[in-house]
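S.K.: Take this structure, written in structure tokens, and hold onto it; I'll ask about it next.
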Amino acid sequence: MNSPAAPLPAWDAPLPETLGHAWIHGEPRMSAEEPIASVNPATGAIWGEFGDGGAQAVEAAVASARSAFRGEWGRIGGAGRAALLSAWAARIAEEVGQLAWLETLEVGRPIADARALIAQGPLLIGYYASLIAALEDSTDGAIRRARGVVGAITPWNFPTANVLIRAVPILAAGNTLVLKPSELSPRSAILLAQLASEAGLPPGVFNVVPGSGHVTGAALAAHPGVDMLAFTGSTRTGQAIIQASASRSIKPLTMECGGKSPQLVLPDMIDQPEIWPGVFHAAFWNTGQWCSARTRLLVPKGGLDAAVEGLRAAAADWPVGDPRDPATRLGPLASGKQYETVQSYREIARQTAHVVPLSATPDANGFYAAPELALGAPQDGALVQQEIFGPLLAVQEYGDLDEAIRLADDSAYGLGATIWGADRDVTDRIAAGLSVGSVDVIGIAAARPGLALGTPFEPRRQSGFGIEGGLAGIAAFTTPQAINHAG
């Protein structure tokens, strides 16, 4: 006899009051600005609010970060930083459940998926902590110095992971941090900063100022006391940040922006049923809301039926539903604005392509959108050229290898690509023809995205610039200083 399903957690469970305030110099800081409402994407209802930090809070956070950099944090050596980061990782491991719940509540991330990804966070911290000694042992003739106060602006799609991917190499390199999370998902960033303080990181090392992009984000980007700025988000917002950052000072930037990444299925793989769960995963994970989503699928001529059949079968294992339910794998879109954006592209698909639904949305309020395929969309059309950030996959056919490369590389973006093929000579030729920062070559089985470790890469074209990952990713947040002794 099957046991009854456990009741779902209540949406209105109270949260600590401190998660609605900025975190500056190791303590919560209330804002005098107008509050920003939080909307539950699974219900469409307003459930809370938090303070918009604004320019005043940014000013206080930058001053705190500068004080910490010149003070206690600046005097802690590499081994000390590694120990404190390891202690922070341990606190995060204890709070995976709370961090996952915040993502479900704020942006509709399925609770089981959120827990699985956040659980990798301590591993990411441990990895970067292990590289600190190698960074300090550089033998290129110069001494690597931390840049100082680094500002970071992160998006809403993976709230905890996005903060860690930005914060950990910045802190491992010896900098202090002022972070502005998305106004859709500020609370996980605030909790991470609190956990860092509890782990022993000195006051001012990790500051979080929540708020809107056009007020708080603009103030952080333009602040002359910020020595470097790191951004993850859309290309359009990235362009605005570049302009704002140069308005009052010159500072180095690292920008990871939008994407329209292809995945190519080669003739030797089109009839392999094992690939389609991975193809689906690469396109629709997190309801298609991630910059590296492989949202253009290229198959050999005659391969459309195999693609549709394989993706329909894969969709059966990805139910769309209430993100509180551990069985749900695809939740709602993160906001009403994103829902309207995706719906506008769905309308374009119905006018310019053949649409194939893969599953259905639940009969519920909220911003739900189920995965769909758009077959035969024109190469120069919006479905192929523009980032949708939702569960809509453009599927095209190619004739030969040269056409496959041409179609795959015909994009303003250059973030990543996936090649499904067993012939290494062929896959290497394709990879060499793609102007992207990262290529996944898969001979069989399914890809499983996570927190990337080890191999550095750099986005290209309208996807941004700046090295991410590995030792080079930490070194990007330092600057070489040459010391010449005469006599």
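S.K.: Using a 10 angstrom Cβ neighbour count of at most 14 plus a DSSP loop assignment to flag exposed trypsin sites (Lys or Arg not before Pro), which longest range of the chain is free of such sites?
M.R.: Details: sites that count: 248, 301.
Answer - 1-247.
S.K.: Among DSSP beta bridges lying fully in the chain, give the percent that are antiparallel, nearest 5. If you can, show how the numbers build up before the last one.
M.R.: Working: 22 of 59 bridges.
Counting DSSP beta bridges with both partners in the chain, the antiparallel share is about 35 percent.
S.K.: By its C-alpha gyration tensor, with a ≥ b ≥ c as the square roots of the eigenvalues, how is segment 32-134 shaped: rounded for a/c under 1.5, else prolate for a/b larger than b/c, else oblate? Could you put the intermediate results ahead of the total?
M.R.: Numbers: a/c = 3.80, a/b = 1.28, b/c = 2.96.
Note, shape of segment 32-134 comes out oblate.
S.K.: Calculate, in whole percent, how much of the Cα-Cα pair population of segment 262-455 lies beyond 27 Å.
M.R.: On the way: 4431 of 18721 pairs.
Roughly 24 percent, rounded to a whole number.
S.K.: Run through the DSSP bridge list for segment 262-455 and note the antiparallel percent, rounded to the nearest 5. Please report the intermediate quantities before stating the final value.
M.R.: On the way: 4 of 25 bridges.
Taking every DSSP beta bridge with both residues in segment 262-455, the antiparallel ones total about 15 percent.
S.K.: Also, I was wondering about something else. Once both axes come from the Cα atoms, what is the angle between helix 78-94 and the longest principal axis of the chain, in degrees from 0 to 90, rounded to 10?
M.R.: The angle comes out at about 50 degrees.
S.K.: Please label the shape of segment 144-255 as rounded, prolate or oblate, based on the square roots a ≥ b ≥ c of the eigenvalues of the alpha-carbon gyration tensor (a/c under 1.5 means rounded; beyond that, a/b larger than b/c means prolate, else oblate). Write out the running numbers ahead of the final one.
M.R.: Values: a/c = 1.76, a/b = 1.18, b/c = 1.49.
Because a/c hits 1.5 or more and a/b fails to exceed b/c, segment 144-255 counts as oblate.
S.K.: Taking other Cβ within 10 Å of each residue's Cβ, how do 368, 127 sort, fewest first?
M.R.: Working: 368 23, 127 18.
Neighbour counts put them in this order, fewest first: 127, 368.
S.K.: Between the alpha-carbon centers of segment 134-185 and segment 238-303, tell me the distance in whole angstrom.
M.R.: Centre-to-centre distance over Cα atoms comes out at 23 Å.
S.K.: Moving to a separate point now. Determine the calculated [θ] at 222 nm for the chain from helices alone, applying -39500 (n - 2.57) to every DSSP H run no shorter than 4 residues and normalising by the residue count; nearest 500 deg cm²/dmol.
M.R.: On the way: 17 runs with 182 residues, N = 487.
After summing the helix terms and dividing by residue count, I get -11000 deg cm²/dmol.
S.K.: Nearest 10 degrees is fine. How inclined is helix 235-245 to the longest principal axis of the chain, computing both from alpha carbons?
M.R.: 20 degrees
S.K.: Which order do the peptides 463-469, 358-364 come out in when sorted by mean C-beta neighbours inside 10 angstrom, highest first? Before the final figure, lay out the partial values.
M.R.: Numbers: 463-469: 21.4, 358-364: 13.7.
The densest-packed peptide leads the list: 463-469, 358-364.
S.K.: How much FRET efficiency would the formula 1/(1 + (r/R0)^6) give for residue 45 and residue 93, where r is the Cβ-Cβ distance and R0 is 25 Å, rounded to 0.05? Provide the component values of the computation, followed by the final result.
M.R.: Numbers: r = 32 Å, r/R0 = 1.29.
The value I calculate is 0.20.
S.K.: In Å³ and rounded to a whole number, note down the convex hull volume per residue for the Cα atoms of the chain.
M.R.: On the way: hull volume 77.4 nm³, N = 487.
Convex hull volume per residue, Cα atoms: 159 Å³.
S.K.: Can you give the angle from 0 to 90° between the axis of helix 121-136 and the longest principal axis of the chain, with both taken from C-alpha atoms, to the nearest 10?
M.R.: 60 degrees
S.K.: Calculate the length of the line joining the C-alpha centroid of segment 44-73 to that of segment 381-442, in whole Å.
M.R.: 40 Å
S.K.: Same structure again: With r as the distance between the Cβ atoms of residue 410 and residue 361 and R0 = 41 Å, compute the FRET efficiency 1/(1 + (r/R0)^6) and round to 0.05.
M.R.: Numbers: r = 32 Å, r/R0 = 0.78.
Efficiency for this residue pair is about 0.80.
S.K.: Please report how many Lys pairs in the chain have alpha carbons closer than 29 angstrom, counting only residues at least 8 apart along the chain or sitting on separate chains. Display every interim value, and only then the final one.
M.R.: Values: 180/251; 180/260; 180/337; 251/260; 260/301; 260/337.
Eligible lysine pairs with Cα atoms under 29 Å apart amount to 6.
Every read-out reported here was derived from the displayed coordinates using simple, explicitly stated rules and does not represent laboratory data. These numbers come from a predicted model, not from an experiment. Here the Cβ is made from the backbone with ideal geometry for all residues, glycine too, and neighbour counts use every protein chain on show.
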